[in-house]
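Below is one structure; the comments refer to it alone.
The values are calculated or read from the model by the stated rules, or taken from the named source; none is laboratory data. As the structure is a prediction and not an experimental result, all values here were calculated from the model. Methodologically, a virtual Cβ is constructed for each residue, glycine included, from the backbone with ideal geometry; neighbour enumeration extends over all protein chains shown. Note: accessible area is taken over every heavy atom of the protein model, side chains too, but ligands, DNA and RNA are not part of it. Shrake-Rupley method; radii C 1.70, N 1.55, O 1.52, S 1.80 Å.
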Amino acid sequence: MYTQNTSIKNNDLLLHVNDNASKVIFIGCVILCLSPFVSPAIALLMGLVVAQLTGHPYMQLNHKATHLLLQVSVVGLGFGMSVHSALQAGKEGILFTIASITSTLVFGYFLGRWLKIEKKTSYLISTGTAICGGSAIAAISPVIKAEEKQISIALGCVFIFNSIALFVFPVIGHHFNLSQTQFGLWCAIAIHDTSSVVGAASKYGTHALEVATTVKLARALWIIPVAFMSTFIFKNKSKKISIPYFIGLFILAMVANTYIPAVSIVSPYIILIAKAGLTLTLFLIGAGLSRQVLVSVGFKPLLQGLVLWIAISATALYAVMHLA
């Protein structure tokens, strides 16, 4: 997870309040998100509203907070999953993962050239859409030596469509009567970021959450080969690659939950904390989408992100309905 660090000018906000009032409002929303009364989708919406009305008073900390919270929350969710179910979900999702990542990267390359988008910006949008959203962008950007502006544009695209997916995907899933396995696979393939994948799947059902989380984290491991490939495409000899080590902790949590009976006693409490952490993560992501971020994206990169997202979503939906 990676969230843009940017300051928000007072004249960009719809409500002009002093710093103390802004902090009180923000902290109040954080407390609400940690309560059982706010769902992940509502938390994201709250964050978006706060970003436009009173702003994010702790924007300089947003990147580290969302990054850490998401990783801890995902590891916590591992305590509610079985190794056997995860292996089955991984087998079902591996072919979809390979096909979707490859086709998205290729299509994104040609689409970016056709729209005449700057090469690195287009590549970051494509990798973010293909693999795991902000995490992929954060891992790939130092490899290709991307500039801050290019990273910001790609992140803006990813987070805008993540926000939409969190609300739209469950509605579409129920409309087509997708099973929990089908919906979990679809989420993991078609939604960019792990936080929104987990948020959407958790609304659909427990098994959907298990399938979606497992397949998405397996998909995130593709950051490593794609990062190596990127060093040759952009001729960068430093090969600095950010490996998502928290996935190993997620696997250990699943193993402990499956094979250590004593863990099952505390697992329900860990899962509750993890879900609260995820809800707070989505609020922070929404709060980071200021008007500045939204405006900075630009029409052509947004169009590339939208076309890629619709293409992968429609193709994956057809695949899970007819091929899975």
Using beta carbons and a limit of 8 Å, which pairs, at least six apart or on different chains, have the first residue in region 132-143 and closer than 13 Å to Ser195 by Cβ and in a helix (DSSP H, G or I) and the second one of a type in the set (Val, Ile, Thr) and modelled with pLDDT under 80? Gly134/Thr3
Exclusive hit being more than 19 Å from Ile151 (Cβ to Cβ), in a helix (DSSP H, G or I) and either open to solvent by 10 Å² or more (accessible area, probe 1.4 Å) or polar (S, T, N, Q) (or both), set Ala274, Ala311: Ala311
Any idea which of (1) open to solvent by less than 40 Å² (accessible area, probe 1.4 Å); (2) at pLDDT below 85; (3) over 19 Å from Gly156 (Cα atoms); (4) not basic (Lys, Arg) is the one Glu92 doesn't satisfy? (1)
Count of region 156-179 residues which are open to solvent by 60 Å² or more (accessible area, probe 1.4 Å) and touching a helix residue (DSSP H, G or I) at 6+ places or on another chain (Cβ under 7 Å): 2
Among the residues of region 277-308, the number that are outside any helix (DSSP H, G or I) and not small (Gly, Ala, Ser) is 2
All positions within region 269-296 that are β-branched (Val, Ile, Thr) and within 18 Å of the chain's Cα centre (by Cα): Thr279, Thr281, Ile285, Val293
Reported set for region 148-179 where residues are of a type in the set (Gly, Ala, Ser) and assigned to a helix (DSSP H, G or I) is Ser152, Ala154, Gly156, Ser163, Ala165, Gly173
Go through (1) touching a residue at least 60 places away in the same chain (Cβ under 8 Å); (2) farther than 14 Å from Ser230 by Cβ; (3) among the aromatic types (Phe, Trp, Tyr) for Trp114 and report which single condition fails. (1)
By residue number, the members of region 46-68 that are assigned to a helix (DSSP H, G or I), open to solvent by less than 50 Å² (accessible area, probe 1.4 Å) and under 20 Å from Leu166 (Cβ atoms) are Met46, Gly47, Leu48, Val50, Ala51, Gln52, Asn62, Ala65, Thr66
Pairs where the first residue, in region 159-180, is in contact (Cβ under 8 Å) with a residue 24 or more places away in the chain and of a type in the set (Val, Ile, Thr) and the second is assigned to a helix (DSSP H, G or I) and buried (at least 23 other Cβ atoms within 10 Å of the Cβ), C-beta under 8 Å, 6+ apart: Ile160/Gly305
Enumerate the helices (runs of 4 or more DSSP H) found wholly within region 180-234, keeping only those where 3 or more residues are at pLDDT below 90 and either within 20 Å of Gly80 (Cα to Cα) or open to solvent by 10 Å² or more (accessible area, probe 1.4 Å) (or both). 194-204, 206-220, 223-233
Could you list, ordered by first residue, the pairs with Cβ atoms under 8 Å in which the first is in region 249-265 and free of Cβ contacts under 8 Å to residues at least 24 places away in the same chain and the second is buried (at least 16 other Cβ atoms within 10 Å of the Cβ) and in a helix (DSSP H, G or I), at least 6 apart or interchain? Ser264/Asn257
Where the second residue is open to solvent by 20 Å² or more (accessible area, probe 1.4 Å) and part of a helix (DSSP H, G or I) and the first is under 20 Å from Ile94 (Cα atoms) and without any contact (Cβ under 8 Å) to a residue 40 or more places away in the chain and lies in region 304-323, which pairs have Cβ atoms under 9 Å and are six or more apart or on separate chains? Leu323/Leu95; Leu323/Phe96
For region 286-308, how many residues are under 21 Å from Leu45 (Cα atoms), open to solvent by less than 10 Å² (accessible area, probe 1.4 Å) and of a type in the set (A, V, I, L, M)? 4
Residue count, region 96-137, condition at pLDDT 90 or above, among the aromatic types (Phe, Trp, Tyr) and either over 28 Å from His67 (Cα atoms) or surrounded by fewer than 24 Cβ atoms within 10 Å (Cβ to Cβ) (or both), comes to 4
